[in-house]
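> Take a look at the following structure, please.
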Amino acid sequence: MNEFEIALRLIVSVLAGLFIGLSRRRKPAGIRTFALISLGSAIFTVISVSDLFNSYSSYDPTRVIAQIVAGVGFLGLGVIWKNGGSKPSGLTTAAAIWVTASIGVLAGLGLWIETIIGTILVLALLYSKEPLMKAHLED
């Protein structure tokens, strides 16, 4: 993996995070937060699959990805906990944070089609809130 490919993976991850963050502008986590989550996940993924660690026989790059999943879960918990109250709130933002990290991992692995499809699906779900709620209330 050369420097150009690494840069491309990181740029694509930031773009995916920015697009997702645009849909969450007026929520507890916004544009920069989502871009940073995606970028951080991509950076850790690129590090884990880089040639730097190929000389270690017992090295498993999937361990790093597993830790991204767990670590980002704490960010989501913070969003839910911060909102507090008597009923859970911030669940969609927490889920969006979690799935944005997974999209960052896809970009970090260079899985371009999966990154694009994942981003489109997340955006479709986040932007579909109003029509789905109206349709549900009319039933």
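What follows is calculated from the coordinates using simple rules that are stated; it is not laboratory data. It should be emphasised that the depicted structure is a prediction, and the values quoted were computed from it without experimental measurement. Quick reminder, even Gly has a Cβ in these numbers, built from the backbone with ideal geometry, and neighbours come from all protein chains shown.
> In nm, what is the difference between 0.36 nm times the number of residues separating residue 11 and residue 26 and their Cα-Cα distance? Can you show the working numbers first?
On the way: separation 15, 0.36 × 15 = 5.40 nm, distance 2.43 nm.
That works out to 3.0 nm of additional length.
> Where the centre of each part is set by its Cα atoms, how far does the stretch 4-37 sit from the stretch 114-129, in angstrom?
Centre-to-centre distance over Cα atoms comes out at 13 Å.
> Multiply the residue gap between residue 59 and residue 113 by 0.36 nm, knock off their C-alpha separation, and tell me the result in nm, one decimal place. Could you put the intermediate results ahead of the total?
Details: separation 54, 0.36 × 54 = 19.44 nm, distance 2.73 nm.
Gain in length upon complete extension: 16.7 nm.
> Something else now. Between residue 124 and residue 70, how many nm apart are label points set 7 Å from Cα along the C-beta direction?
My value for the distance between the label points is 3.4 nm.
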